[in-house]
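Reviewing the structure listed below.
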Amino acid sequence: MTAAMKNEVLELETKITSHEAYGTAYKWSPRDFELGSALGQGKFGHVHVAREKKTGFLVAIKTLFKSQIVKSKCERQVMREIEIQSHLKHPNILRLLTWFHDERRIYLVVEFAAGGELYKHLTNSPKGRFPEPRAAKYIYQVADAVEYCHQHHVIHRDIKPENILVAFNGDLKLADFGWSVHAPSERRKTMCGTLDYLPPEMVKREVYDVTVDHWCIGVLLYEFLVGKPPFESEGQDKTYQRIVTLDMSFPDHVPEGAKDLISKLLRPTSKERLSLDGVKKHFWVQQFQSA
Ligand SMILES: Nc1ncnc2c1ncn2[C@@H]1O[C@H](COP(=O)(O)OP(=O)(O)OP(=O)(O)O)[C@@H](O)[C@H]1O
């Protein structure tokens, strides 16, 4: 993206978030957006690409039906997701630009990630895995985004390829804060997240802290390079068993540097896990940063 384009995007983004184009008291409504094609189906409604009429700025609009939220007793979870996401401003975190609601629906106006789900990029790659430089670049961006979350006392808790989107310039955008929490020093486990990405302390329903995300980044990197997560098994019990005993192995093609990094993240106890700054500075990640 050229500097001029970057400025333009920034300017339009500011207009939308500050309501500058309309004045600060402006109340957004669906009439301000021209709805385009469907991007996907969410739990409580649909996601569409849309154009803000006055600025022409492309966004994604996620519509949530209030009745469905109430029926699933997810009011608090949805409000927490909105609350958390509206405060996070980082280049690798999907921006919630603004939101509004009417009698039946909540509309979330979010940054448009033209590349779609990272999961699809992974499955469409040759052999279902990413080449080393791409995996290293991605893991740096995820580590940077998650480090920012932790600095703002937010634990994501559900990092996986399905919850990461790709922007039009190829940068990653961490999304789906549905399971994230404001992090006190320690929390007691509530069962959530994908089995394959659960750390041992969550499997054992013990207290956990921000380093659950460090573990997930280790699983993510393994999946980037191997094409499947390290503890994937036939049944749920077997997956749990493999997680708590750290029963994993690397195929021959995984480079030594990446093995070293994954092993430093997939450690049984939280204190042993490499810091996120350590991930960004790891020699295997660093060697691809200028590439
Ligand atoms: N900002 C966006 N830009 C591009 N595509 C998007 C965007 N937001 C969502 N999508 C697409 O719409 C799909 C559904 O959205 P999303 O995952 O946010 O819904 P959800 O309610 O969280 O569903 P689930 O939790 O089941 O994934 C995504 O998988 C993605 O393909």
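The values are calculated or read from the model by the stated rules, or taken from the named source; none is laboratory data. If you're wondering where the values come from, they're calculated on a predicted model, not measured in any experiment. Glycine also receives a Cβ, built like all others from the backbone with ideal geometry; neighbour counts cover every protein chain displayed.
So here's what we get for this one:
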quantity	calculated
Complete set of residues in the stretch 96-112 that are crowded, with 21+ Cβ neighbours inside 10 Å and either in a loop (DSSP other than H, G, I, E, B) or more than 15 Å from the ligand (Cβ to nearest atom) (or both)	PHE112
Members of the stretch 51-71 that are assigned to a strand (DSSP E or B), more than 9 Å from the ligand (Cβ to nearest atom) and more than 16 Å from ASP102 (Cβ to Cβ)	ARG51, GLU52, LEU58
Residues within the stretch 120-145 that are surrounded by fewer than 16 Cβ atoms within 10 Å (Cβ to Cβ) and within 30 Å of GLY36 (Cα to Cα), tallied	4
Residue in the stretch 77-90 that is assigned to a strand (DSSP E or B), in contact (Cβ under 8 Å) with a residue 12 or more places away in the chain and within 13 Å of the ligand (Cβ to nearest atom) present	no
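Residue-wise test of (1) under 22 Å from SER275 (Cβ atoms); (2) part of a helix (DSSP H, G or I); (3) touching a strand residue (DSSP E or B) at 6+ places or on another chain (Cβ under 6 Å); (4) modelled with pLDDT under 85.
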site: CYS192; (1), (2), (3), (4): no, no, no, yes
site: GLU234; (1), (2), (3), (4): no, no, no, no
site: THR239; (1), (2), (3), (4): no, yes, no, no
site: LEU246; (1), (2), (3), (4): yes, no, no, no
site: VAL254; (1), (2), (3), (4): no, no, no, no
